Amino acid sequence: MTQATAYRAAIVHCLADPARAGLDASYAHYEDGVLVVADGQISDIGPAEQVLARQPANIQVLHFENKLVTAGFIDTHIHFPQTEMIASYGEQLLDWLNNYTFPEEGRFADPLHAKRVASFFLDELLRNGTTTAMVFGTVHKASVEAFFTESDRRNMRMIAGKVMMDRHAPDYLLDTPESSYVDSKDLIARWHNKGRQLYAVTPRFAPTSTAEQLEVAGRLLQEHEDVYLQTHLSENTQEVAWVKALFPERAGYLDVYDHFGLLGPRSVFAHALHLEQAECERMAATDSVISFCPTSNLFLGSGLLDLPELERHQVRVGLGTDVGAGTSFSMLRTISEAYKIQQLQQHKLHPLKALYLATLGGARALSLDDKIGNLAMGKEADFVVLDLHATPLIQMRMKNTHNLFEQLFVLMMLGDDRVIAQTYIAGRRQYRRN
Ligand code: GUN
Ligand code: ZN
């Protein structure tokens, strides 16, 4: 065993969904806490005096002042190849894809370009305190190869996959049912469960895959029991109408995916803004997951997700940035927009629920809550050190807070990458703000 390290600071982490367990039972907070990390895992946590009393007297203790330690953030939906086209003006989904996204993704035919962007992207996640993400590549196999190589180098727990897309996109971005099968299978063999890397079968969305290719996606899931599926669903009303026209024999958008065996507990559907009642029920019955992407939904004018409604249906929901349609890598900013989207619908998003969605709820959405999502003993030591004095305004406003919830809320409404003082991956510091 390597030498353990103790981190002393204010600590908060989620223990359960506040909607189910109630607020008081859903978190642990130590105003003067200690987190002990050994061999990349959390080996102890609690009030400082109690934890230090049971650790060796000579244990190394690092003290963080005016900081709040919590679990690393989990982004359940993001596109690494769209990093350099974030903030592209003026369009809604389908024109945005054709005018900006597809040409940008074409650049990933060059593996060196893919490596450079993957490296920047992962460093940007670290700068924002995001320690795990579910990530789209492009149609090019080499884009995902480059991504996993860089992610493995940083020892980050990542889920990613090669886009499958065999129609309704420029020729230079199309694969075929056969090539997408062979390429995906090879990437699964090379990367799934290699270190902390995990694979997601990735049909872009129903309009860009033929029935033959969606069938291939279903086959890949059947042949590899524990790989994931990621795609988009019911993001934009024109898109929904297009899917109905392309698949008139199906009951609706979700039924297209259902027909090809793509629903299930490891299937993550981005957006899902325009679901019908029966579709919500089917999501719940199959234990499928929705990724709520607030900044993207506002940026593309796609719609407002009704979180309490999905909660009533007991559908698992995670938070996603959806960069490059999303406008920030920061999960704090993402929470801020999620809060406002709920406000527009007369719903409240409590700061603790928001923290849950960005950490343990995200881990549950990705079926990784046995490994990450909070700071429980035995979990992988992915954590962030938040700066309660990150900016003059935050520092000033903090003085006028009275409890943890108010502190968290201030960080969520005013915070972004500037709040992230340090990011730890499996017990190693991988980012420190200068
Ligand atoms: N639907 C299909 N592809 C995409 C994409 O790249 N981004 C978003 N936001 N929606 C999509
Ligand atoms: Zn997306």
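The values are calculated or read from the model by the stated rules, or taken from the named source; none is laboratory data. None of the values given here were measured: they were computed from a predicted structure. Please note: Cβ atoms are built from the backbone with ideal geometry, for glycine as well, and neighbour counts cover all protein chains shown.
Quick notes on this structure:
Yes/no per residue for (1) at pLDDT 95 or above; (2) of a type in the set (Gly, Ala, Ser); (3) away from ligand 1 (no atom under 16 Å from the Cβ); (4) closer than 28 Å to Ala87 by Cβ:
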residue: Thr286; (1), (2), (3), (4): yes, no, yes, no
residue: Ser291; (1), (2), (3), (4): yes, yes, no, yes
residue: Arg312; (1), (2), (3), (4): yes, no, yes, no
residue: Val317; (1), (2), (3), (4): yes, no, yes, yes
residue: Tyr339; (1), (2), (3), (4): yes, no, yes, yes
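- In the range 88-99 there is no residue matching the filter, namely being surrounded by fewer than 24 Cβ atoms within 10 Å (Cβ to Cβ), away from ligand 2 (no atom under 14 Å from the Cβ) and closer than 30 Å to Val36 by Cβ.
- For the range 101-139, taking the residues that are aromatic (Phe, Trp, Tyr) and within 22 Å of Ser330 (Cα to Cα), the one that is nearest to ligand 1 (Cβ to nearest atom) is identified as Phe136.
- Those helices (runs of 4 or more DSSP H) lying entirely in the range 282-372 with at least 1 residues under 16 Å from Thr132 (Cβ atoms): 331-343, 351-358, 360-365
- Here the range 228-242 is the region considered, the condition is being more than 19 Å from Leu305 (Cβ to Cβ) and in contact with a strand residue (DSSP E or B) (Cβ under 6 Å, 6 or more places away or on another chain), and the residue that is nearest to ligand 1 (Cβ to nearest atom) is Leu229.
- Residue within the range 51-66 that is under 25 Å from the mean Cα position of the chain (by Cα) and not small (Gly, Ala, Ser) present: no
- There is at least one residue in the range 136-152 that is within 16 Å of ligand 2 (Cβ to nearest atom), closer than 23 Å to Asp417 by Cβ and surrounded by 20 or more Cβ atoms within 10 Å (Cβ to Cβ).
- Every listed requirement among (1) within 12 Å of the chain's Cα centre (by Cα); (2) of a type in the set (Phe, Trp, Tyr); (3) within 12 Å of ligand 1 (Cβ to nearest atom) is met by Phe299 save one, (1).
- Verdict on Gly261 being away from ligand 1 (no atom under 16 Å from the Cβ) and on the phi > 0 side of the Ramachandran plot: yes
- Against the conditions (1) without any contact (Cβ under 8 Å) to a residue 12 or more places away in the chain; (2) aliphatic (A, V, I, L, M); (3) within 16 Å of ligand 1 (Cβ to nearest atom), Ala245 satisfies every one except (3).
- Residues in the range 334-348 that are more than 22 Å from Val289 (Cβ to Cβ) and among the charged types (D, E, K, R) were compared, and the one that is farthest from ligand 2 (Cβ to nearest atom) is Lys348.
- Looking only at the range 80-96, residues that are near ligand 1 (Cβ under 10 Å from one of its atoms) and free of Cβ contacts under 8 Å to residues at least 40 places away in the same chain come to 0 in all.
- Counting residues in the range 406-424 that are touching a helix residue (DSSP H, G or I) at 6+ places or on another chain (Cβ under 9 Å), assigned to a strand (DSSP E or B) and touching a residue at least 40 places away in the same chain (Cβ under 8 Å) gives one or more.
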